[in-house]
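Just so you know, all these numbers are worked out from the coordinates, no wet-lab data involved. On a predicted model such as this, the values are computed, not experimentally measured, just so you know. Cβ sites come from the backbone with ideal geometry, for glycine too, and all protein chains shown count toward neighbours.
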Amino acid sequence: NKTANQMLVIFGASGDLTARKLVPAIFNLYKGKHLPEKFVVLGASRSNLSNEEFRKKVVHESKYLKERVKEGQEDFIKAFSDKLFYEDLGKDYDTDYTNIAKRIKDLNEKYGTEDNFIFYFSTPPNLYEVIAKNLSDQGLNDETKGWKRLIVEKPFGYSLETAQGLNKGLQKYFNESQIYRIDHYLGKETVQNLLVTRFSNSIFEPLWNRNYIHHVEITNAESVGVEKRGGYYDKSGALRDMFQNHLLQIVSFIVMEPPIDASAEAIRNEKVKALKSLRIMIEEETLAKNTIRGQYIASDANGKHVKGYREEDDVHPQSMTETYAAIKFYVDNWRWKDVPFYVRTAKRMPTKVTEVVIHFESPHHQIFKDSDMNNKDNKLIIRIQPDEGIMIKFGVKVPGQGFKVERANLDFYYSSLSETNVMEAYERLLLDAMQGDATLYARADEVEAAWSFVDPILNYWENSPDVRTYGYSAGVWGPKNGDDLIEGSMGWRNPGE
Ligand code: BG6
């Protein structure tokens, strides 16, 4: 794909994300020769920085870039950092954008970026509409000459209502086709590979339905706690931080029907349909049975003391915010009727792992009586991270007399494709937006459908006096009640155990 000459304008450029993710991603694109010949970045925010100070902060003295740069590459680095500029917005984002508009115009003329601009909103969501309006007042949404795109960061809203408000606010000034809502999980190779596994093979899709799938399980575990983000996290919680966005995106790839082709609109049409078919839980009784929240408490594991969530900086000492969420739900459509989905996400788990497990039905009639294969169903395990790959578990005969059945693995690991350079999520997503490909960005109706499912759970958790937040020691697989969510002897698959 050809990438047109263009300028990337980052609002919130002095923030952490720019140094940690965006500039390293742009740098990698530069190194991989994916940037167009004429390309500049203009950082904007409320800090008073010169171009040089900005370059120092995000390139020369950035701890996030050093890892990627080798000695003796000073000229190369300088050529890269010369593409970066900075504009001080003043004390407020809702200000007169005449200066920044003029700066954009000057850079555009000087560097030949052909009026193609991406505006990256790396700011709190309450500023999205304000920035969009001010850009529009300066005519910077006008596509008569060159295209204009917005990339907006998460969290996209705090609830259905606020997400709808954000969509309306942005759509007042930009068309939906100009708006790219980022979800970095969509930039992960293995998440995209869910589509390829399903729709480029003939061996999975015929089984991909209620006739052959017993249940679906998704685990997203992190070993870290909330780190320095207590202030943000305490108002958010695992359901908003991970489930509404990243995990429901994964769910939509598992649930969706085959799209008519691989275009952004065809894929996203099917994802919306999938998200709209999640059965919304309304009754308290249903919510009580199918949703569990937990919070990590202090623990001494492996000789190391780990703080409890409530002792973290900027967290309310009596906070009920969940750092663990486990949800069981159903999908009301032809393909998935009565197949339970179990999804959990948590911090301070024993390890960092994200995986999808498709559990197939046991054979309808088991002739190998002394085999315990019935309890060891066939599984397809899609490892999103780390050790990205796919594994199929199936029964084989144990050598010797009789028919004893054991389970064997058939696996593929991405690391075996050693010659392939796997792009990092932000790198891939930025390049897509630069090329105008919105396939891996969330559309307005997708985001709203996801919130429609999550809202009643949040309301229940936040407003019902009966809901408990169960404690779990840092370093275990969540509270006991979370284990009970999966009925019978099946239980969660705890990777590595
Ligand atoms: C972010 C969340 O969106 O995703 C973080 O805000 C979380 O709380 C992170 O740690 C996880 O991303 P990844 O790519 O490390 O799984």
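Taking the Cα centroid of the stretch 429-497 and of the stretch 203-255, what is the distance between the two, rounded to the nearest whole Å? So the two Cα centres are separated by 5 Å.
Among the trypsin sites (Lys or Arg not before Pro) found in the stretch 1-43, those both in a DSSP coil and sparsely packed, with 11 or fewer other Cβ atoms within 10 Å of their Cβ, are Lys2, Lys33.
Counting only alpha carbon atoms, the long axis of helix 444-463 and the longest principal axis of the chain meet at about 60°. For the chain, the dipole from Cβ point charges (+1 on Lys and Arg, -1 on Asp and Glu) about the Cα centre works out to 620 debye, to the nearest 20. The convex hull of the Cα atoms of the stretch 422-463, projected and averaged over all directions, covers 4.3 nm².
Between Glu265 and Lys105, the C-beta separation translates, for a Förster distance of 30 Å, into a calculated FRET efficiency of about 0.35.
Over all directions, the projected convex hull of the C-alpha atoms in the stretch 117-242 averages 11.6 nm² in area. Positive end of the dipole of the stretch 349-484 (Cβ unit charges, origin at the Cα centre): among Ala474, Phe368, Ile392, the Cα lying farthest that way belongs to Phe368. Ordering Ala262, Ser236, Gln318 by Cα displacement along the dipole of the chain toward the positive end leaves Ala262 in first place; charges were set at the Cβ atoms of Lys, Arg (+1) and Asp, Glu (-1). The C-alpha atoms of the chain define a longest principal axis, and helix 160-171 lies at about 30 degrees to it. When you filter the trypsin sites (Lys or Arg not before Pro) in the stretch 171-206 for DSSP loop state and at most 14 other Cβ atoms inside 10 Å of their Cβ, you are left with Lys172.
Bridges between two residues of the chain, per DSSP, are antiparallel at a rate of about 55%. Restricting the calculation to alpha carbons of the chain gives Rg and Dmax of 24.3, 84 angstrom. Taking a Cβ cut-off of under 12 Å around Ile182, the surrounding Lys, Arg, Asp and Glu residues balance to a net charge of +2, with basic ones at +1 and acidic ones at -1.
With respect to the chain, whose longest principal axis is taken over its alpha-carbon atoms, helix 264-276 is tilted by about 50°. Rounded to the nearest angstrom and listed largest first, the equivalent-ellipsoid semi-axes of the stretch 43-163 from its Cα gyration tensor are 27, 20, 14. Which entries of Lys172/Lys271; Lys57/Lys154; Lys31/Lys57; Lys154/Lys228; Lys2/Lys91; Lys347/Lys379 have Cα-Cα distances beyond 29 Å here? Distance filter (> 29 Å) returns Lys2/Lys91. For the stretch 182-300, the direction-averaged projected area of the alpha-carbon convex hull comes to 10.5 nm².
In the chain, Cα pairs under 8 Å separated by at least six residues give a relative contact order of 17 percent. Dividing the mean sequence gap of close Cα pairs (under 8 Å, 6+ apart) by how many residues the stretch 390-445 holds gives a relative contact order of 24 percent. Projecting the Cα positions of Gln401, Asn421, Asn463 onto the charge dipole of the stretch 379-497 (unit charges on Cβ atoms of Lys, Arg, Asp and Glu, taken about the Cα centre) puts Gln401 furthest along the positive direction. Seen from Leu127, the other residues with C-beta closer than 10 Å to its C-beta sum to a net charge of -3, counting Lys and Arg as +1 and Asp and Glu as -1. If only the Cβ of Lys and Arg carry +1 and only the Cβ of Asp and Glu carry -1, the dipole of the stretch 119-168 around its Cα centre is close to 120 debye. Scalar couplings 3J(HN,Hα) for the stretch 23-35, obtained by applying the Karplus form with A = 6.51, B = -1.76, C = 1.60 to θ = phi - 60°, are 5, x, 5, 5, 4, 4, 5, 5, 4, x, 6, 9, 7 Hz; x denotes Gly and Pro.
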